[in-house]
Amino acid sequence: MVGHSEHILATLPVSGPHVNKNMKLLVSIVIGVVVGVIGARFLFVGSALSLIPWSIVGLVIGWWSKPLKGALVNGGLYGFFLAFSFMAAVYQGSAPIVSRIPFFATLGLVGAVCGLILSVIGNFAKKKLNPHNKVV
């Protein structure tokens, strides 16, 4: 059985464009959750100032992503998970949190649109500010 699992592990890609792309997706999700929880519990709690670091991170994700399609996906995931985790972290209602998931997901879609817009701006800024950097 050990030989079989070693064979499966040997066939998994450990480098290349697919791993890099999937890693960026995962990192975008994790960053969204972390930034959402930090905004809900620790930094600028209850203040619209939370939007400043959230926006900066969205721009950086776009700068970091390539090509534009990557910025769209990474930014959308970042925004969705940021908004969803923020709502879950600040929820203090008496109803079970599970009953609020559809509402949080709807607000997550709004966050996804915002994250998508910010990441596209960051991606375009990268192209304009660094014309020698070929973004593929």
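The values are calculated or read from the model by the stated rules, or taken from the named source; none is laboratory data. Not measured: the values here are computed from a predicted model. With ideal geometry, Cβ positions are generated from the backbone for all residues, glycine too; neighbour counts draw on all protein chains shown.
Annotations
- Subset of the range 39-49 (residues that are surrounded by fewer than 19 Cβ atoms within 10 Å (Cβ to Cβ) and on the phi < 0 side of the Ramachandran plot): Arg41, Phe42, Leu43, Val45, Ser47, Ala48, Leu49
- Residue under evaluation Val90, criteria (1) within 27 Å of Asn20 (Cα to Cα); (2) of a type in the set (A, V, I, L, M, F, W, C); (3) surrounded by 14 or more Cβ atoms within 10 Å (Cβ to Cβ), criterion not met: (1)
- The one condition in (1) of a type in the set (Ser, Thr, Tyr); (2) more than 19 Å from the chain's Cα centre (by Cα); (3) at pLDDT below 85 that Ser50 fails to fulfil: (2)
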